[in-house]
Every structure is written in structure tokens, then in C-alpha cells.
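Just so it is clear, none of the values below were taken in a lab; they were calculated from the coordinates. Computed from a prediction, not measured in an experiment: that's the story for all the values here. Here the Cβ is made from the backbone with ideal geometry for all residues, glycine too, and neighbour counts use every protein chain on show.
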Amino acid sequence: MATEQKEITDLVKRKYEHGFVTDIEQEFVPPGLDEGVIRLISQKKGEPEFMTEWRLKAYRHWLTMKEPDWAHVRINPIDYQAISYYAAPKSQEDAPKSLDEVDPKLLETYDKLGIPLHERARLAGVAVDAVFDSVSVATTFKEKLAEAGVIFCSFSDAVKSHPELVRKYLGSVVPHRDNFFAALNSAVFSDGSFVYVPKGVRCPMELSTYFRINAANTGQFERTLIVADEGSHVSYLEGCTAPMRDENQLHAAVVELVALEGAEIKYSTVQNWYPGDEQGVGGIYNFVTKRGECRGANSKISWTQVETGSAITWKYPSCVLRGENSVGEFYSVAVANNYQQADTGTKMIHIGANTRSTIISKGISAGHGQNAYRGLVRVLPTARSARNYTQCDSLLLGDKCGAHTFPYIESRERSARVEHEATTSKISEDQLFYCRQRGLSEEDAVNMIVNGFCREVFKELPMEFAVEAQNLLNVTLEGAVG
Amino acid sequence: MLTIENLHVAVEEREILKGLDLSVNAGEIHAIMGPNGSGKSTLAQVLAGKDSYSVTQGRVLYRGEDLLDMEPEERARRGVFLAFQYPTEIPGVNNAYLLKAALNARREADGEPQVDAFEFMRLIRSRMELMNISKEFLNRSVNEGFSGGEKKRNEILQMLVLEPSLAVLDETDSGLDVDALKIVAAGVNSLRSDDRAMVLVTHYERLLELIVPDHVHVLSDGRIVKSGDRELARELDARGYDWVQQEAASA
Ligand SMILES: Nc1ncnc2c1ncn2[C@@H]1O[C@H](COP(=O)(O)OP(=O)(O)OP(=O)(O)O)[C@@H](O)[C@H]1O
Ligand SMILES: [Mg+2]
């Protein structure tokens, strides 16, 4: 019905709530990239020699690489010399010792984002490491974590205070040669989070980081490294937002997870980078390399992501299942609305015997959005009795959007079992009418159906963030109904 | 409560209701019977606000206001309830969640406070017992995988919780076994009151033995061609519709 289409089109229009610019002085490194800039970044951060060399090696390799051949996305060419690779809020020259020293404007920014650092942290028992553009602003609950022996700090701190750990694990899951953006990130990364959970320790609280890109013409290249030592357990959440700008901004992060024997890492992402306007102008290019390695037997890595933002998302959180009996999981909700393009999925590489992986992917397309699931399940001959289950569901709102599924299965072991199921559905006029007849507005009805569609993924998120993810999804699909 | 005057309804250029008149007062139960395809569900859906039907002539007043001017959700919030002939499945949406959202939408419109999960459970427990619906049922997805009879009982449960002023039941008795029919009838009767009206669409006189109507109407070819009391239903059960249609044609 024509009216239905119109209504659904109205429904998916919505405003970006986090689009404000914080007016504080920032210190930039001028746009452009060469060895001098890299040395400057490294020097500004007071890094030891090995880090500088590591960056330069990555940079030299990057020069030999070509941009990837874009997977199912349309993209404006990126001028890497027009990007400024380092932006620090000026008042942060002398890093704050506590929250009281943090620029109040900055805290206000987090407030607007719904992250009242003090309150939230205290109430929810969450330790928040907030990264504003490139420099880590404030880390709470450091002490309580220290009691448990957990290291949770900005990457820059870790380089200085725990160089041996950084040296041992950095690049061990995602080497700088891995791909174009991983190489670029390795050369210029500004900051990020570092977590180390010692043997047998269950991290006493959820760890959390919020990222926000504020300055214009900057790229954000953060780097996160989480190491869970034998028998330890940690749950980590990252949230991301960026202000509205007409130009595209590049975000190329690298996340590495290492789970040793019997360890478990749960990594959750709620990503809400600015997606561009209704015509598809502006927005973040989100090109991220996330990979975890189950290095020891009986270890487990679980990725949960809710991706509602970015103009283009290009991201495949993956698990290398090396240890016997190790488990990899990927739960994903990806939304592509207006002119957003999402190409996301996962890779599960089965190396050890009896390794198991589960992939649950929920793609929602609305407006002119294009949503692609791209997933690789590779079973090596060593992976006796490996198992994978993949379920890939797409929900379409309206008839101008698209959903695409690209499953790649490479199994070289006969005892392995790989299952793949896929569905595509639409919200039907009858479903909406049924809900409206019961008194729900059309918008509420759509939200309810969409949330129902995503339930399997939301239930994997830590409690306090499940609600946030649900709200975010509602806002993302919110529109002037009727 | 409800006044329908000269209602003409078309779907995709084809006229289905061709000048229907009906008046329902508070406290009354009206039964509408009629052959397949005569327009009974069309009437029910138009009253609920389904927009794929276009009203080409006539008007409908609900408590003195123009019903056709209201959005479906507004009608619902003002107390119009439709028990669907074919309840829609909504995968992933929790049955209890929808019902609670529906109740709260209604309460908000009435200026009453929202119910929380605890109060909601307290409120629906006795009604679930009446409809012989178990708790597990609430946690399933709306109508998904429900048997035909379960879907119908679920519709009546919703009705009992929402306590509508005007309930339209479209063949709620079809496909029910004898016991379920009694349960549904008990549910409907429990809601009978002086300030409430109901329109029952049915093919079977046996429902009307359990829910005794004040008026019985025959809908044929888009019009009400005969009205009477419960005796008319018995007569239709015994003789079929032909004689009514012939009577109407010769009139
Ligand atoms: N959406 C539609 N598109 C096309 N025709 C329709 C539509 N809805 C109803 N009709 C037609 O209108 C006529 C009346 O249908 P309606 O469902 O109202 O009948 P009914 O009296 O409820 O029948 P039954 O007793 O079989 O339930 C039928 O001929 C039907 O095919
Ligand atoms: Mg019918």
C-alpha cells in the first residue's frame, strides 16, 4: 500500500541527538602524515623508544599498501594528507589527577551524552575510561581495580607504566601488516584503553570506555588491548558518539583481545557515531579491526555489538580459536538508515579441536540504508569436531533499503559441523495494525517489533547497557509519525 | 454508543458495504450473521480503522463523535476493541509485553497511572484463570505458534484486561472446541454491563445460546437485510440464508 510506504518512510526519519560541538581549546598537529609527524606524536606522548620504532615500522609498511577494495559500500575518496592525526584538548596538557581536575565543559559533554561520569560510575559500579578525541581524560575506579590486581588505564599510561606487557601483546593478534587501516592505526594511534586481568581474577566490575570525536578534520585512531590471563574473567563495554559535521571523518580503531587458558572476555560495543544527515552528507567512516584470540584451552571470547551510527561501517570482530575447546561468539545488531551503509560480520577461525562458535546477526535496514552481513567460518584440519552455528536475520523497514548476506564457509575438517540459517522479513501492515488496534502508536509498535527482533542480541549486553542500546535503537528509528 | 449510517466501503475499487445502517446502545449485545463474503469482517475492520478499506459514503458515530476521523490507536484508547478473526503473529514480541503496553496506553489516555510489572501480573491473574491460559503463554511471542483456539482465547484475554466500551468480536467462536467455546463465552459474559456494548460476528447459533444477544442482524451483500431477536438466529440455523435473501430481494 502506498500509504504504508509513506508512513514507514516518515517513521525512519529522525534526528541525531548527540550532534553538538564542545567549545574548548584543542591542540592539533597540523594535517598531513610523514615520519616527522609520527615521531612528533610519539614524543608528545612521551613514549619509550620501542614504541616510536614500532610506529615507524608500521608506517613504512602502510606506505606499501593499497586501500581495500570496498566491500559493498560506496565511499568518497579519503585524502590521508588532509587529516590531522593528533588533537588533544589543550587544558589536558597536564593530565588530570582526578575528576575534579577535568575541564567542566568536557564533563558537560559527557552529561549531554547521558554519561554523567560521577553518577553513572558510582551508581552502576562501572569504571569509565573516557577518551575525548585522542587523549584519555579520566579513569575512575582505578584504585578498586588495583586492589584486585586489574590494570585498567589509557593506552598511553600503559606504554609508560607497563611497557613489558604492551611489548609482549601489542600487535600479537592484529599485526601491523594485517590490513591497510590496521597499519595506519599502528603508525598513528593516539590513545585507547589497556586492560590486564591477572591469573584467576574475576574483574570486580564492568569496564567501560566512551569515545567521542569532537574536532573537525581529525581522525580518531584508538587502540585497545585486553589481556585476560589464565582463568580470569572480564567484561568490557565501549560506547561511541560524534558531533554532526558535513565532512566525513575517519575512525580507524584496532582492538586486540587475548584470552589465555580458561579465561573469558566479553566485549560489548554500542556504536553511535554520527551517521550523516538524511541526504547522506557527512558522517563517520568507521573502519575498525577487532580481533580476539582464544590462545589457551577452554577460553572464551564473546563480541556483542549494537551498531546504529556511522555513514559507513566496515567491521568484522573476529575470533581466532586456537586453544582446544575454546569458544567464540558474535552477537550483532546493525542498523542502516537513510543513506548509511553497514558492511559488518565476523570471522571465526577454528584451529583447535572441539572449538565452537556461534554467530547471531540481526540487520535492520530502513530508508535507503544498505546492510550487509559478511561472515567467514574457517575450519582448519586441526580443528577436529569443531562446530559453528550461524543465524543471520534481516529486517526491512520500507522498500528502498537493502539487506545482503555473504556467508563464506571454508571447512577442511570432515568431523566439523557448520550450520547456517538466514531469514529476511518485513514489518507487515497487519502487524502494525494489530498493535495500533491495541492502542500503541505506530512508532511504539515499530520499536516494539524491532526490539523483539533484536532481543537475542540485547540479552547478551550487560544489564545497564541493554536499556541504553534499546533506547538508542528507538531514537535511531524515530520519526515524525502520521 | 455506536451509530452507523448509510456506510459504503470499497476495497480496490470494489464496493463491499453498500449502505449499511446499524445502531447499538450501551448495554446491548448485537449479533451479526451472514453468508461468507457478505462484508462482516470488512465492517469490523472499518470500525477498528484499517486503512486499506476506503469509506466512500456515510458516517459512523461513536459516543457522538466521528469515529472514522480517528486513528486506529485513538479508537483503541477510547475503548474500541476488535477481536480479530485472524490474529496476527508478531515474532520476537513478548505477549505479556504487548498486553501491558496496550493497557498502559489505555490508562494514559484515561489519565490513570501506569501499571508496573508487578501490578500488571496481579491484574491479569484472575483473567488468565478465567480464560484457562497458563503463565508460560504470556512469555511467548504474540500469537506465534499459537493454535487457532489459543489465538482466540488470547484475544479475549486482551479484551478482559483492556475492558473496552465497544467490543467487536469477529468470529471468535470459529474453530473452538466445545470447552473452549464455553470458556470464551464465560469471558465475554463477564464483561457484559450497562455501560458497554458488543458486536458479535458469528456463523453459529450455538454461541448465541451461551452469549444471549439483544439483537440479531443478517448482513447480506453489504447491507443489513433483516433484524430480529435471538429467535432469528435459531431460524437461520434451521433454514439457512436463502429465504432471508429472497425476502430482501422481493421487498
Ligand atoms: N483486502 C481485500 N482485498 C480484496 N478483496 C477484499 C479484501 N477484503 C475483503 N475483500 C472482499 O470483500 C468481501 C467481503 O469480505 P469479508 O471478509 O468482509 O467477508 P465476511 O463476511 O467476513 O466473510 P467470512 O464469513 O468468510 O469471514 C469478500 O468478497 C472479500 O473477498
Ligand atoms: Mg470474516
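Given a Förster radius of 51 Å and the C-beta distance between A:Glu35 and A:Phe406 as r, what FRET efficiency does 1/(1 + (r/R0)^6) yield to the nearest 0.05?
Between A:Glu35 and A:Phe406 the formula returns 0.85.
Taking every residue in B:42-54, how many Cβ atoms of other protein chains lie within 10 Å of its Cβ, on average?
Average per residue, whole number: 2.
Taking Cα centroids, how far is segment B:118-151 from segment A:287-336 in Å?
38 Å
Taking amide H atoms as placed 1.01 Å from N in the peptide plane, list the residues 5 or more away in sequence, or in a different chain, whose amide H sits under 5 Å from that of A:Ser318.
Counting only residues 5 or more places away or on other chains, the set is A:Lys290, A:Arg291, A:Gly292, A:Lys347.
Measure off 7 Å from each Cα along the Cα-to-Cβ vector at B:Thr3 and B:Glu209, then give the distance between these two points in nanometres to one decimal.
Inter-label distance under the simple model: 3.8 nm.
At R0 = 25 Å, how high is the FRET efficiency between A:Ala146 and A:Phe180 if r is their beta carbon distance? Nearest 0.05 is fine.
After rounding to 0.05, the efficiency reads 0.10.
Work out how much length B:Ala238 to B:Leu68 would gain on full extension: take 0.36 nm times their residue separation and subtract the Cα-Cα distance, in nm to one decimal.
Answer, rounded to one decimal: 57.5 nm.
Return one number: the angle in degrees, 0 to 90 and rounded to the nearest 10, between the long axis of the Cα atoms of helix B:148-162 and the longest principal axis of the Cα atoms of chain B.
Helix B:148-162 and the main axis of chain B meet at about 80 degrees.
So who's got an amide H within less than 5 Å of the one on B:Ser220, skipping anything under 5 residues away but keeping other chains? H placed 1.01 Å off N, in plane.
B:Val225
Based on Cβ point charges of +1 for Lys and Arg and -1 for Asp and Glu, what charge dipole magnitude is obtained for segment B:13-71 about its Cα centre, in debye rounded to the nearest 20?
Once rounded to the nearest 20, the dipole reads 240 debye.
Under a crude label model (7 Å from the Cα following the beta-carbon direction), how far is B:Glu136 from A:Lys57 in nanometres?
Going from the B:Glu136 label point to the A:Lys57 one covers 6.0 nm.
Can you list residues whose amide H is under 5 Å from A:Thr390's amide H, if they're 5+ apart or on another chain and H is modeled 1.01 Å from N?
Amide H to amide H, under 5 Å and 5 or more residues apart or across chains, A:Thr390 pairs with A:Ile359, A:Glu419, A:His420, A:Glu421.
If you put +1 on each Lys and Arg Cβ and -1 on each Asp and Glu Cβ, how big is the dipole of segment B:2-250 around its Cα centre, in Debye rounded to 20?
Value, rounded to 20: 460 debye.
Listing A:Ile38, A:Ile75 from the residue with the fewest other Cβ atoms within 10 Å to the one with the most, what is the order?
Least to most surrounded, the residues fall as A:Ile75, A:Ile38.
Restricting to lysine pairs 8 or more places apart or on different chains, what number in chain B have Cα atoms under 27 Å apart?
Pairs that pass both the separation and distance tests number 21.
Considering the options B:Ser220, B:Leu169, B:Asn189, tell which one lies farthest towards the positive end of the dipole of segment B:2-250, charges being +1 on Lys and Arg and -1 on Asp and Glu at the Cβ, about the Cα centre.
B:Asn189
If I model a spin label at B:Ser193 and B:Leu61 as a point 7 Å from the Cα along the Cα→Cβ vector, what separation in nanometres do I get?
Here the modelled spin labels are 2.5 nm apart.
FRET efficiency for A:Gln81 and A:Ala422, Cβ-Cβ distance as r, R0 = 60 Å, nearest 0.05?
With R0 = 60 Å, the Cβ-Cβ based efficiency is 0.90.
What range in chain B is the longest one free of GluC sites (Glu not before Pro) that are in a loop by DSSP and have at most 10 other Cβ atoms within 10 angstrom?
The longest uninterrupted stretch comes out as B:14-251.
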